[in-house]
Structures are given as C-alpha cells and as structure tokens.
Amino acid sequence: MTSPKEIIRRYEIKPRKNLGQSFLVDQGIIRQIADTAQVTKNDIIVEIGAGIGVLTEALAQNAAKLIAVEVDNKLVGVLKDKLLKYNNVEIYSGDILKFDFGTITGNEQQKIKVIGNIPYNISSPVLFRLLSFRKVIDSFVIMLQKEVVQRLIAVPGGKDYGVSSVILQMFAMVEKILDVPAGCFYPVPQVESSVMKGFFLENPVVELADEDFFIKLVRDAFAQRRKMLINNLKKSKLLEEISESFLKESLEMAGIDGRRRSETLSTKEFGYLSNILKENQNHL
Ligand code: SAH
C-alpha cells in the first residue's frame, strides 16, 4: 500500500486548515481504528471526511458497502483514483452536514456504522447530525480532539462532565478507545486526539417527552457551572412561565435537590427532570 506521506507528495496536496485537514499518517493507528470498527461483510460504512483515503482503504476490504464522504473536490479526485478498484466503495462529494444517512439503507435491519477522523472545527454539528440519524446508525468510531472525547465520555461529578456528556449519553453508550499523539498526523496539529466508540441505544436512557426541550434544559442547567441547579433553572428562558414554587415542586417530584450543582446529576435525572418540567408546563 502506498504510504499516506507518498500520496500527499504525489498529488501535491496542500492541507487546508479551514477544512480541518490533518491527515493520519501513522499506519499503526490507521490499522487500530479499522480494527476497532470490527467491520464485517454485512456492514454499510459511512466514512466522514475520507481525505486521501488511507482509512477508507483499510475499511473497504471488509465492508459490504462503504460510502466515503468528502467535501474537498481535489481530495475527491484522489479518492476516485485510489479507490477505483473497490466496487463496493461509493464516493459522496459534499458536506457531511447535508448528507442524508436515511437514504442509504432500505431496511431497518441493516444499520450503518459511521467512521471517521472528523474535521475538528465541525465536531459538534457532526455529533448532532449523527444523533438526529440515530435510528439508522448502529455505531460510530470517530477521532476527535482529546478534550472533546474526555467530555463526551465523562461521568457525573467531575469537571469534564457537562452538556455534551449528558446529551450524547442519553442516546448512546460510549467509550474511549485510544489516545493519538499529534505526531501521527500531517500536518501536525496543535492538539492531541482520541478515538472513541459508541453504540446508539435502542431507546434513550429515559423515554423523553420532548427531546428539544431536554437538550435546551441541559444547556441552561449548565449555564453557570458553579451555581446551584435551581439558580440556573430560574434564569432559563425555557422555564420563563414557571413560577419558583412550581419549579421547586418539579424538582421534588424528580427527586432532585435543587441545591445540587448540575455536574452531579446523572443523565437519568436530567431525563426525569425534563419530562416533569415539560409535563408541568403543559398544565399551566
Ligand atoms: N480521514 C482522513 C482525513 C481527515 S482530515 C485521514 O485520516 O487522513 C478531515 C477531512 O474531512 C478532510 O479530508 C476534509 O477535507 C474533510 N472535511 C472537512 N469538512 C468536511 C465536511 N463538512 N464534510 C465532509 N468532509 C469534510
């Protein structure tokens, strides 16, 4: 196999910072990511930001079908060149934030595995996009900035636990697989990276009355981390119509002491609280 550095040289690729282009050049790490994904002949893979196709090639050999999504036209050309020999690979030239995961599988049984070294400047919208398509996505193996992964997998009680941990873990089981030093990329980024793996749950940890409401509530609850939960909730636009006594009552119904800080609440507690507040608000 041609080495990543050779591909970059041969095609005279000038990495574009605004597209988060930092290519994996460490073959060992590429192998480890591919192994983590446990691709089988039944799997449909979507790779986010396929770049110069090094991970793509490592994955294509085992998959039923692989769709490589890449927004940079020049790289799409490289991918076409490189992956021509795999008839199970399709290249989607465009923005992952517009990519419709829903159109890929015809049947519910065959779900998608998402893999990618995500452009870090759009990691949050990418994660939300995956969440919105979770019905058709089985699992994901993604590389992100180390601190971002730290927050996504954090458990209650620590400084890393926050909005992104609660929201993702309401819908998915997640774990960190490995840290990847900056030297494994070209160009060498300013930040460290980690690979994480996640499975979307059949049902969320708590069946939510209103997902949008839940997401906004979690955001508002963490508006000022050092404050008590109740004080953050009092300031929430979402709960404007709810009186303080109603708010206290709702917290009591959810079995949560409003003097706690949000970082001590479990995903489940946020789910209960969201449902109760939503329900009480409906009865106003
Ligand atoms: N997976 C490759 C490249 C990672 S760099 C590797 O590991 O070597 C991130 C890649 O995502 C780049 O190729 C970049 O062009 C692409 N990209 C950036 N924004 C994108 C978007 N909105 N949609 C799809 N791909 C994007």
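A few remarks follow.
- All positions within the range 207-223 that are outside any helix (DSSP H, G or I) and either open to solvent by 80 Å² or more (accessible area, probe 1.4 Å) or touching a Leu at 6+ places or on another chain (Cβ under 8 Å) (or both): 207
- Residue 160 being open to solvent by less than 60 Å² (accessible area, probe 1.4 Å), outside any loop (DSSP other than H, G, I, E, B) and more than 15 Å from the ligand (Cβ to nearest atom): no
- Residue match in the range 228-248 (condition: more than 22 Å from residue 130 (Cα to Cα), surrounded by 13 or more Cβ atoms within 10 Å (Cβ to Cβ) and acidic (Asp, Glu)): no
- Residue within the range 254-261 that is of a type outside the set (Phe, Trp, Tyr) and part of a helix (DSSP H, G or I) present: no
- Checked against (1) over 22 Å from residue 124 (Cα atoms); (2) under 22 Å from the mean Cα position of the chain (by Cα); (3) not β-branched (Val, Ile, Thr), residue 271 passes all but a single condition, namely (1).
- Screening residue 57 with (1) open to solvent by less than 20 Å² (accessible area, probe 1.4 Å); (2) in a strand (DSSP E or B); (3) more than 8 Å from the ligand (Cβ to nearest atom) gives one miss only, at (2).
- Annotation note: Cβ proximity below 7 Å between a residue of the range 131-152 that is away from the ligand (no atom under 15 Å from the Cβ) and a residue that is modelled with pLDDT of 95 or more and charged (D, E, K, R) (sequence gap 6+ or interchain) occurs for 138/113; 139/113; 139/197; 146/179; 146/192; 149/176; 150/160; 151/160.
- Filtering the range 30-45 for residues that are within 9 Å of the ligand (Cβ to nearest atom) and assigned to a helix (DSSP H, G or I) leaves a non-empty set.
- Taking the range 164-186 as the range and being surrounded by fewer than 17 Cβ atoms within 10 Å (Cβ to Cβ) and either in contact with a Phe, Trp or Tyr (Cβ under 6 Å, 6 or more places away or on another chain) or not assigned by TED's automatic domain parsing to the domain that holds residue 131 (or both) as the test, only 173 passes.
- Looking only at the range 187-206, and only at residues there that are free of Cβ contacts under 8 Å to residues at least 40 places away in the same chain and within 23 Å of residue 170 (Cα to Cα), the one that is least open to solvent (accessible area, probe 1.4 Å): 201
- Within the range 63-113, restricting attention to residues that are assigned to a strand (DSSP E or B) and open to solvent by 70 Å² or more (accessible area, probe 1.4 Å), the residue that is farthest from the ligand (Cβ to nearest atom) is 90.
- Scoring residue 14 on the criteria (1) within 22 Å of the chain's Cα centre (by Cα); (2) surrounded by fewer than 18 Cβ atoms within 10 Å (Cβ to Cβ); (3) within 13 Å of the ligand (Cβ to nearest atom); (4) without any contact (Cβ under 8 Å) to a residue 60 or more places away in the chain leaves a single failure, condition (1).
The values are calculated or read from the model by the stated rules, or taken from the named source; none is laboratory data. For clarity, every value in this text was computed on a predicted model and none was experimentally measured. When we count neighbours, we look across all protein chains shown, and the Cβ atoms used for this are built from the backbone with ideal geometry, even at glycine. Calculation scope for accessible area: heavy atoms of the full protein, side chains included, ligands and nucleic acids excluded. Shrake-Rupley method; radii C 1.70, N 1.55, O 1.52, S 1.80 Å.
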